[in-house]
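What follows draws every value from the coordinates through simple rules; no lab data is involved. Values in this document were obtained by computation on a predicted structure and should not be read as measured data. No Cβ is skipped: glycine too gets one built from the backbone with ideal geometry, and neighbour counts run over all protein chains shown.
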């Protein structure tokens, strides 16, 4: 949270609509790829400047312009000028701490989502902002980083003329991109679910503070994922209502299915959070029971040694029978020492038998 605030502070005092990249510092050259297609043909190219991405196209093709890297503000400005995108939208694209949202500007729709990936080495969930703009025949996507995306399957379907994507319009393309992002959420939740199961088994087998620390890390990861999913529900619901003329009736059915997927991820997420809350109680209870067992064992040992200490204490007073009026004949016995040791052993075993009979351990 403090990182997001620090990012936003860079724009303090600047007028609305100021184009300033607020995010991770990048040095790579931004990449722009353009895919155009109809039912009967398909073209794809990669360029490094926005100018090349705005060449004439065959109409009425669907165009997908994908920008990777937001630090080159001039590219965003050129695309905004070409497609008459509102300056506030361009500002939000460059500010990478946005929450998932949708804004309708009549001639174009602006959607912000969070694309998640799971880093197995760091064992953490990482987030990347993806902004989408839908116009009549064009979808523009703006990705924050260069680490790859989840859109390869969409590119393959377009190339191979798979499914409905080459038959329907730009609104279906945007749905497909959103669906790919949501499908990745299931992969993330599956990874977190496996970690929760392993942590639960560890708590059952041998609860330690290490397991409690893992539970806290998992709760943090789930909270991070929840922030990405929670607002997305309203985004998809608004698209599903069909209030925008850019979303056609035939696409609304698929958006309804996407909304169901978002609800499913939310329900899975909430069940995981409840499981983690139960694991905290289980860990504390197991650690408490384990401590009770330890204390019980120590108490039994201490109790056994109480009469033995009493006996040793008496004979440790070393009264001399020649001086004392009280006679302590055991001090003069030839077998006094072994007799006392046998007596102490009998006392200890008798107490152990009594404790065992009472099921105290």
Extension length gain for residue 264 and residue 206 (0.36 nm per residue less Cα distance), in nm, is 17.6 nm
Footprinting proxy, 185, 83, 254: sorted fewest to most Cβ within 10 Å, the residues are 83, 254, 185
Cβ density ranking, 10 Å radius, fewest first, applied to 347, 131 yields 347, 131
The FRET efficiency for residue 250 and residue 74, from their Cβ-Cβ distance with R0 = 41 Å and rounded to 0.05, is 0.65
Subtracting the Cα-Cα distance of residue 355 and residue 291 from 0.36 nm times their residue separation yields 21.1 nm
With a Förster distance of 41 angstrom and the Cβ-Cβ distance between residue 197 and residue 88, calculated FRET efficiency to the nearest 0.05 equals 0.35
Percent relative contact order for the chain, counting Cα pairs under 8 Å at least six residues apart, stands at 13
The whole-number value in µm²/s of the Stokes-Einstein translational diffusion coefficient for the stretch 219-318, with Rh from the Kirkwood sum over alpha carbon pairs at 25 °C and 0.890 mPa s, is 128
For the chain (alpha-carbon point model, no solvent) the Debye-based log₁₀ I(q)/I(0) at q = 0.06 Å⁻¹ works out to -0.41
DSSP beta bridges in the chain: the antiparallel percent, rounded to 5, is 80
Summing -39500 (n - 2.57) over every DSSP H run of at least 4 residues in the chain and dividing by its residue count gives a helix-only mean residue ellipticity at 222 nm, to the nearest 500 deg cm²/dmol, of -18500 deg cm²/dmol
At R0 = 22 Å the Cβ-Cβ FRET efficiency linking residue 81 and residue 40, nearest 0.05, sits at 0.10
Longest principal axis of the chain (C-alpha) makes with the long axis of helix 209-230 (C-alpha) an angle, in degrees to the nearest 10, of 20
Tilt, helix 249-315 to longest principal axis of the chain (alpha-carbon atoms), in degrees rounded to tens, equals 10
